[in-house]
Amino acid sequence: MESLKGEISFIDTTVRDGNQSLWDATGLTTAMILSIAPEMDRAGFKAVDFMTGMHMAVSVRWHKENPWEKIRLVNKAMPNTPLRFGGTGRRFMGWKRIPESVMTLALELIIASGVNQVWLLEPSFDVDLTLRQAELTKKAGAEKFIVALPYTISPVHSDEYYAQKAGEIAASPYVDAMYLKDPGGLLTVDRVRTLVPAIQQRIHGLPLEIHSHCNTGLAPLVYLEALQLGIRTVHTASSPLANGTSQPSTENILKNARRLGYSAELDEEALEAMATHFRNVAESQGRPLGAPVEYDVYYYEHQVPGGMLTTLKRQLTEMKMENRLEEVLREIIQVRKELGYPVMVTPFSQFVGSQATMNVVTGKRYSRVPTQVIEYVAGYYGTPPAPVDQNVMDKISSQPQAGSILSAETAEPTIEELRQKIGISYSDEEFLIRLALTDKEVDDMLAAGPIKTEYP
């Protein structure tokens, strides 16, 4: 059928965010991806959202696989489809803030390994950092730099707030596109109708994509409304790794978009092969399949993103505290307010969740404070959207380790200086892994030998 409204494109999130949201980021080995990579390459995606620094760490810790080699192998297996790599601009393979010298080297190696596009999620909306990251990324050789605008609900994050930040970012010659990123599945059709036009008016034709999660069940409706408002690129996952706390399924959005008069050049036989493959992986590995969820208004209060909620449930179960999930979620709401309404996305959602869990476990709020929370209030990750509650700030400042963190200046060592601590004989790739992880983790990865490339 001839398109009435134009063509739309799809970013496939199956092996990155779909996996992370439903399978706790540990579910897919390189072999599991390589065995379906030719079909993914044939499907016709605009790009594949492939990896982040966190996923590189997972490759080392859980699968004993060299993440650099993983990128090279998948890139070779999908020569026609750009791979996207995501980051926050302040971290790489861990929570610790890294100097610009390390970020620059990491970008150069990521791109040299086969990544075509890099997206940045800067949850504190630090425009200067975003623009600097855009410049570094394009100079490192990336074809495209895409900025994620993390969506949240708070007294601070109005349509005008997003529009202003988007306009400042769009002024950079190094930014090629943006996407509205909704990690908690909080967008509604009504909010999209005001928010998307507000952003579009400030970015002067720069492509705007949409990425949401199905936590509340509204994301498929939100996507269709976004198409009506002029967005032409959507982020979706293969049906076995879609829905639930993941993205809408490619199959569903494709079908409904076509019924509304849009066209899309996707190979449906390849999509079916992908679904069959990942369904088989789920069955063989004992992993859950994504399924639509009932609407839950509580998500609009705690705003815990999909992948984190999966992890939180697992951690509470390991501590034999699964019956206290509701208590932790209530505490998350309060902690987020006290910390100045950070966007509930990595790493801030983990900071809020960790503090809330400690408050519940100890029974005394802020008697124990994670180092990352102290660093957050100290400005290591940018300025909080709203001021931190003063009583909470006093409790955090009284922690034994707080004095040195709050008074410390941000260090910017060179690669040469860092190599003197880590080792001067390592390759750049191994050096960066050892800088982020423990020697044992890296040694275990090396001892495991070459990556297995065949999956039955």
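The values are calculated or read from the model by the stated rules, or taken from the named source; none is laboratory data. From a predicted model like this one, the values you see are computed outputs, not experimental measurements. Glycine gets a Cβ as well: all are built from the backbone with ideal geometry, and neighbour counts include every protein chain shown.
Residue selection: Glu283 satisfies the criterion of being free of Cβ contacts under 8 Å to residues at least 12 places away in the same chain and either under 14 Å from Tyr151 (Cβ atoms) or surrounded by fewer than 18 Cβ atoms within 10 Å (Cβ to Cβ) (or both). Taking the condition of a type in the set (Lys, Arg), outside the structural domain of Ala43 (by TED's automatic domain parsing) and either within 14 Å of Leu180 (Cβ to Cβ) or surrounded by fewer than 20 Cβ atoms within 10 Å (Cβ to Cβ) (or both), does Lys255 pass? Judged against the criteria, Lys255 is not a match. Scanning the stretch 277-295 for residues that are part of a helix (DSSP H, G or I) and either among the small types (Gly, Ala, Ser) or over 16 Å from Val15 (Cβ atoms) (or both) yields Ala282, Glu283, Ser284.
So which of Ser425, Ser404 ends up being in a loop (DSSP other than H, G, I, E, B), on the phi < 0 side of the Ramachandran plot and surrounded by fewer than 18 Cβ atoms within 10 Å (Cβ to Cβ)?
It is Ser425.
The residues on offer are Leu325, Leu339, Leu329, and the sole one that is crowded, with 23+ Cβ neighbours inside 10 Å, closer than 19 Å to Tyr366 by Cα, aliphatic (A, V, I, L, M) and touching a residue at least 12 places away in the same chain (Cβ under 8 Å) is Leu339.
If only residues of the stretch 342-352 that are aliphatic (A, V, I, L, M) and crowded, with 24+ Cβ neighbours inside 10 Å are counted, the one that is farthest from Asp126 (Cα to Cα) is Val352.
When restricted to residues that are buried (at least 22 other Cβ atoms within 10 Å of the Cβ) and over 19 Å from Ala163 (Cβ atoms), the stretch 116-127 contains 3. Is it true that Thr88 is in the same structural domain as Thr130 (by TED's automatic domain parsing) and within 29 Å of Val373 (Cα to Cα)? Taking the combined requirement at face value, the residue satisfies it. Determine whether the stretch 23-44 contains at least one residue that is in contact with a strand residue (DSSP E or B) (Cβ under 6 Å, 6 or more places away or on another chain) and modelled with pLDDT under 95. There is no residue in the stretch 23-44 that is in contact with a strand residue (DSSP E or B) (Cβ under 6 Å, 6 or more places away or on another chain) and modelled with pLDDT under 95.
Can you list the helices (runs of 4 or more DSSP H) found entirely within the stretch 59-143 that contain at least 1 residues being more than 16 Å from Val175 (Cβ to Cβ)?
On the way: elements: 67-77, 100-113, 127-139.
Helices (runs of 4 or more DSSP H) meeting the threshold: 67-77, 100-113.
If you scan the stretch 225-243, which residues turn out to be touching a residue at least 60 places away in the same chain (Cβ under 8 Å) and surrounded by fewer than 24 Cβ atoms within 10 Å (Cβ to Cβ)? Answer for the stretch 225-243, where residues must be touching a residue at least 60 places away in the same chain (Cβ under 8 Å) and surrounded by fewer than 24 Cβ atoms within 10 Å (Cβ to Cβ): Leu227, Arg232, Thr233.
In the stretch 385-401, which residue that is free of Cβ contacts under 8 Å to residues at least 60 places away in the same chain and not in a helix (DSSP H, G or I) is surrounded by the fewest Cβ atoms within 10 Å (Cβ to Cβ)? Step through it out loud before you land on a result.
First, the residues of the stretch 385-401 that are free of Cβ contacts under 8 Å to residues at least 60 places away in the same chain: 387-401.
Now drop any that are not not in a helix (DSSP H, G or I), which leaves 387-389, 398-401.
Details: Pro387: 11, Val388: 15, Asp389: 16, Ser398: 11, Gln399: 18, Pro400: 7, Gln401: 10.
Among residues in the stretch 385-401 that are free of Cβ contacts under 8 Å to residues at least 60 places away in the same chain and not in a helix (DSSP H, G or I), the one surrounded by the fewest Cβ atoms within 10 Å (Cβ to Cβ) is Pro400.
Scanning the stretch 428-456 for residues that are assigned to a loop (DSSP other than H, G, I, E, B) and either crowded, with 17+ Cβ neighbours inside 10 Å or not charged (D, E, K, R) (or both) yields a total of 9.
Let's see how each residue does on (1) at pLDDT 95 or above; (2) under 30 Å from Phe431 (Cβ atoms):
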| residue | (1), (2) |
| --- | --- |
| Leu107 | yes, yes |
| Val115 | yes, yes |
| Trp119 | yes, yes |
| Glu143 | yes, yes |
| Asp159 | yes, no |
| Lys165 | yes, no |
| Glu168 | yes, no |
| Gly184 | no, no |
| Leu187 | yes, no |
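Condition check: on the phi > 0 side of the Ramachandran plot and not hydroxyl-bearing (Ser, Thr, Tyr). Does Asn243 satisfy that? So Asn243 fits the description; yes.
Does Ala411 satisfy being surrounded by 16 or more Cβ atoms within 10 Å (Cβ to Cβ) and in contact (Cβ under 8 Å) with a residue 24 or more places away in the chain?
Working: surrounded by 16 or more Cβ atoms within 10 Å (Cβ to Cβ): no; in contact (Cβ under 8 Å) with a residue 24 or more places away in the chain: yes.
Here the answer is no, as Ala411 does not meet what is asked.
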